[in-house]
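The values are calculated or read from the model by the stated rules, or taken from the named source; none is laboratory data. Please read all numbers here as calculations on a predicted model, not as lab measurements. Positions of Cβ are generated from backbone atoms using ideal geometry, with glycine treated the same way; all protein chains shown enter the neighbour counts.
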Amino acid sequence: MLRSRFSCLLLALTWVAALGCGSELPSTVSGKVTLDGAPLTKGTVTFAPQGEGRIAYGEIDSSGNYTVRTLNDQGMQVGEYNVTIIATGEAPASDIPPPLLTPAKYANAQTSGFTASVKPGPNTFNFALEK
């Protein structure tokens, strides 16, 4: 009986660790994205760690604003990140990829020209894209 309870407890703790608790991370990141001076009204901003760590991302809203999350957690870890930004239009057909609304260079960490040094607490990073 005791062994069975211990097994159940161990299984429950394993599930909690695997799924995460939806906790907040030490840093929050938000900002605004513009394209040629106007708010970019959709897309995704991605923060990829320059070392080890998890990727964080934020969806761009209709005003050009974004807030970053990591999986189920609000925020992200402190560190150095390469930033990419991508927005696509509607796909003309199911077998054709959607057209890019942002220049392709911003979708690649080596060519985007954007990096971020995320500190503990609130961080704001605004990105100005140009065609």
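If the requirement is being among the polar types (S, T, N, Q) and modelled with pLDDT under 95, which of these qualifies: Thr111, Thr84, Thr115, Thr70?
Result: Thr70 is the single residue among Thr111, Thr84, Thr115, Thr70 that is among the polar types (S, T, N, Q) and modelled with pLDDT under 95.
Of everything in the stretch 56-78, what is assigned to a loop (DSSP other than H, G, I, E, B) and out of contact with any Leu (no Cβ under 9 Å at 6 or more places or on another chain)? Give them in sequence order. Spell out the reasoning first.
Quick first cut of the stretch 56-78, residues assigned to a loop (DSSP other than H, G, I, E, B) only: 60-64, 68, 71-72, 75, 77-78.
Selection gives Asp61, Ser62, Ser63, Val68, Leu71.
Could we say that Thr88 is touching a strand residue (DSSP E or B) at 6+ places or on another chain (Cβ under 9 Å), surrounded by 12 or more Cβ atoms within 10 Å (Cβ to Cβ) and closer than 22 Å to Asp36 by Cβ here? In short, yes.
Could you list, in sequence order, all residues of the stretch 61-83 that are of a type in the set (S, T, N, Q) and either exposed (fewer than 12 other Cβ atoms within 10 Å of the Cβ) or within 13 Å of Leu40 (Cβ to Cβ) (or both)?
Ser62, Ser63, Asn65, Asn72
Every residue in the stretch 46-74 that is charged (D, E, K, R) and in contact (Cβ under 8 Å) with a residue 40 or more places away in the chain, please. Of everything in the stretch 46-74, just one residue is charged (D, E, K, R) and in contact (Cβ under 8 Å) with a residue 40 or more places away in the chain, namely Asp73.
For the stretch 41-70, which residues satisfy the criterion of being of a type in the set (Gly, Ala, Ser) and either touching a helix residue (DSSP H, G or I) at 6+ places or on another chain (Cβ under 7 Å) or under 13 Å from Ala109 (Cβ atoms) (or both)? Talk me through it step by step, then tell me what you get.
First, pick out the residues of the stretch 41-70 that are of a type in the set (Gly, Ala, Ser): 43, 48, 51, 53, 56, 58, 62-64.
The answer is Ala48, and nothing else.
Among the criteria (1) of a type in the set (Val, Ile, Thr); (2) loosely packed, with under 13 Cβ neighbours inside 10 Å; (3) under 19 Å from Pro26 (Cα atoms), the one Ile96 does not fulfil is (3).
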